[in-house]
Amino acid sequence: MAMELFKNTKILVCVGSGGVGKTTMAAALAVIEAKAGKRVLVLTIDPAKRLAQTLGIEGTHDVTKVPGQNFKGTLYASVIDHKRTFDDFVLRASQHSEAVQKIFNNSLYQQLSTNLSGSQEFTSLEKLYSCYDSGDYDLIILDTPPTKHAIDFLNAPQKLSFLFSEGVAKWFRDPEGKKLGLISHLIQSGTKQVLKVLETLTGSQFIRELGDFFINIEKWQEKLLQRTVDVQRMLIAPTTKFVLVTSFDQAKLKEAEYFIREISKGGYHLDTVILNRIFPSWLDQGSEQNKNKSSDNMDLNNFYSKMKAYYSQRDVYYRQFQAKIEKEARVLRIPDLVNDISDLSGLEELSLLIEERQSKT
Ligand SMILES: Nc1ncnc2c1ncn2[C@@H]1O[C@H](COP(=O)(O)OP(=O)(O)OP(=O)(O)O)[C@@H](O)[C@H]1O
Ligand SMILES: [Mg+2]
């Protein structure tokens, strides 16, 4: 069954706030298209251990073929290793020059490349871009890192590239006067870890490392800027579609509403909103089976009716949310399943549900 979502789609970006099911949905959507005959790559971020084992990508950064008997096409998967991706980018940008080892050993680089706020978002998009550019896949599905506010994902690379380019320019224009300005910029854009490193360096070592760092990154800052432009172009292309995943709590739904507006303001293409973990079918089945049993089962009956009330209450909020966003995107309602989705059969079960639900909309 061809899903509308995949028509003329080369890239799917799964976004949403923390813990809503982005990684799971990214994998299930990839299974659908691999079954349909495409060469699909799913780029995941910190998948749960069992899911990583299932996909065969535990402990490796390399793109790996996922064994699956039902695939007419091929499913590939990879976990994004942020440090490796940043290093690969620097290696390419500096055209594998010898000086590159020096920068890899620089403690400031080590901290900035992985801990600066926005660097995970940058590396996710960098990895996406290089896989897209390779032309090896019909479809790439990108899972995104858990951000406090989902919108940070879209703004982060620009922030990072601005830090590297503007920061360096200012530093070199007026080393004396701008020293403090640059450091406060680093502090604003960085994290506690970056500060900790700055603290552990002695004054002279600090100046030396900082000097080395900027001399080296000057060589690839233009490439970084260029890459940010290329990535942005890729993200707003009509063949790149966004899937927003949300689950219940009211704060998450509010966040999702805000994000939907930001996606369209930014010129990106939001295709589908997945309302995850709605009313579970096991509740209906369970209470039905238990209906005519003896009074010993009163407790169980009680449990079922309480759970039903709980999920129905949640559904009121889901439906209000759905009514508000229906004009912006297709809505898929996916129930809470009995088990966590951590193996291939779980993914297949979920992918069948997605296909079935989308055909109803
Ligand atoms: N519809 C569902 N039914 C049952 N379990 C689900 C469902 N969707 C997701 N889960 C489970 O919820 C947990 C969180 O899902 P997942 O890891 O995909 O979320 P995430 O958005 O990627 O989280 P993070 O923001 O931390 O990366 C997982 O254990 C997953 O198996
Ligand atoms: Mg995840």
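The values are calculated or read from the model by the stated rules, or taken from the named source; none is laboratory data. Computed from a predicted model, the values in this text were never measured in an experiment. Here Cβ is always computed from backbone atoms with ideal geometry, including for glycine, and neighbour counts include all displayed protein chains.
Tabulated results
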read-out	value
Filtered residues of segment 66-99 (kept if more than 17 Å from Glu126 (Cα to Cα), in contact (Cβ under 8 Å) with a residue 12 or more places away in the chain and not aromatic (Phe, Trp, Tyr))	Val66, Gly68, Asn70, Lys72, Gly73, Thr74, Leu75, Ser97, Ala99
Total residues in segment 1-38, condition away from ligand 2 (no atom under 16 Å from the Cβ), surrounded by fewer than 19 Cβ atoms within 10 Å (Cβ to Cβ) and of a type in the set (Gly, Ala, Ser)	3
Cβ pairs under 7 Å, 6+ apart, first in segment 4-19 and within 8 Å of Thr240 (Cα to Cα), second within 9 Å of ligand 1 (Cβ to nearest atom)	Val13/Thr144
Qualifying residue in segment 60-73 (condition: within 16 Å of ligand 1 (Cβ to nearest atom), closer than 20 Å to Cys131 by Cα and surrounded by fewer than 23 Cβ atoms within 10 Å (Cβ to Cβ))	no
Hits in segment 266-286 (condition: touching a Lys or Arg at 6+ places or on another chain (Cβ under 7 Å) and either surrounded by fewer than 22 Cβ atoms within 10 Å (Cβ to Cβ) or farther than 30 Å from Ser305 by Cα (or both))	His269, Asp271, Thr272, Ile278, Leu283
Every residue from segment 39-62 that is more than 17 Å from the chain's Cα centre (by Cα) and within 11 Å of ligand 2 (Cβ to nearest atom)	none
Residue count, segment 325-334 (criterion: within 13 Å of ligand 1 (Cβ to nearest atom) and surrounded by fewer than 18 Cβ atoms within 10 Å (Cβ to Cβ))	0
Candidates Leu41, Leu108, Leu91, filtered to the one that is in a strand (DSSP E or B), in contact with a helix residue (DSSP H, G or I) (Cβ under 8 Å, 6 or more places away or on another chain) and away from ligand 1 (no atom under 16 Å from the Cβ)	Leu41
Search result, residues across segment 268-304 that are modelled with pLDDT of 85 or more and not β-branched (Val, Ile, Thr)	Tyr268, His269, Leu270, Asp271, Leu275, Asn276, Arg277
Every residue from segment 44-55 that is of a type in the set (A, V, I, L, M) and part of a strand (DSSP E or B)	none
Pick from segment 44-53, criterion within 11 Å of ligand 1 (Cβ to nearest atom) and farther than 20 Å from Thr85 by Cα, ranking: surrounded by the fewest Cβ atoms within 10 Å (Cβ to Cβ)	Lys49
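Conditions tested, residue by residue: (1) surrounded by fewer than 16 Cβ atoms within 10 Å (Cβ to Cβ); (2) of a type in the set (Lys, Arg); (3) within 17 Å of Glu222 (Cβ to Cβ).
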{"position": "Ala99", "(1), (2), (3)": "yes, no, yes"}
{"position": "Tyr109", "(1), (2), (3)": "no, no, no"}
{"position": "Leu125", "(1), (2), (3)": "no, no, no"}
{"position": "Ser130", "(1), (2), (3)": "yes, no, no"}
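Yes/no matrix, rows are residues, columns are (1) assigned to a strand (DSSP E or B); (2) buried (at least 21 other Cβ atoms within 10 Å of the Cβ); (3) in contact with a Pro (Cβ under 9 Å, 6 or more places away or on another chain); (4) touching a residue at least 12 places away in the same chain (Cβ under 8 Å):
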| position | (1), (2), (3), (4) |
| --- | --- |
| Lys223 | no, no, no, yes |
| Asp230 | no, no, no, yes |
| Phe242 | yes, yes, no, yes |
| Ala251 | no, no, no, no |
| Lys254 | no, no, no, no |
| Ser264 | no, no, no, yes |
